[in-house]
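The values are calculated or read from the model by the stated rules, or taken from the named source; none is laboratory data. What you see is a predicted model; the values in this text were computed from it and never measured. Glycine also receives a Cβ, built like all others from the backbone with ideal geometry; neighbour counts cover every protein chain displayed.
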Amino acid sequence: MAFTRVGTQPDSGCDNKETAEFHQIIYRKELAAGTAGLTSWEALGFAIGFEQGFKQGILRGWRHSVLRVARNRFGVIPASFEQTVLNANSVVALDRLLILVADASSLDDLALSGP
């Protein structure tokens, strides 16, 4: 994890500039609200925890989206694919998986073993 100064925003891992800017605005507003009245050390601890939670929340949303699209398209999905999605630790990796699911015509196109 990269440490950031209080008042800076994490890299949300988004490729889309508009989405990344939105995440930065939300991050700054939430961080400012959460650090009001804290000492600098308390604010630093809050900022580090907030950054971790912020990144985890973005990844959780992407994981949910990939799995939802896969289940909507194919019904039951292979456990190996679900585990791959749950283990993905970047928006870029999850975006690739989402594109893979969107472009696949069958579960066989995902090149994964059965459930």
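Summary table below
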quantity: Hits in the stretch 58-115 - residues which are surrounded by 12 or more Cβ atoms within 10 Å (Cβ to Cβ), of a type in the set (S, T, N, Q) and more than 18 Å from the chain's Cα centre (by Cα); calculated: Ser80
quantity: Test: residue in the stretch 32-49 that is modelled with pLDDT under 90, within 19 Å of the chain's Cα centre (by Cα) and assigned to a loop (DSSP other than H, G, I, E, B); calculated: no
quantity: Qualifying residue in the stretch 7-21 (condition: closer than 30 Å to Ser105 by Cβ, small (Gly, Ala, Ser) and modelled with pLDDT of 90 or more); calculated: no
quantity: Yes/no for Lys29 being among the charged types (D, E, K, R), modelled with pLDDT under 70 and either over 30 Å from Asp109 (Cβ atoms) or in contact with a Phe, Trp or Tyr (Cβ under 7 Å, 6 or more places away or on another chain) (or both); calculated: yes
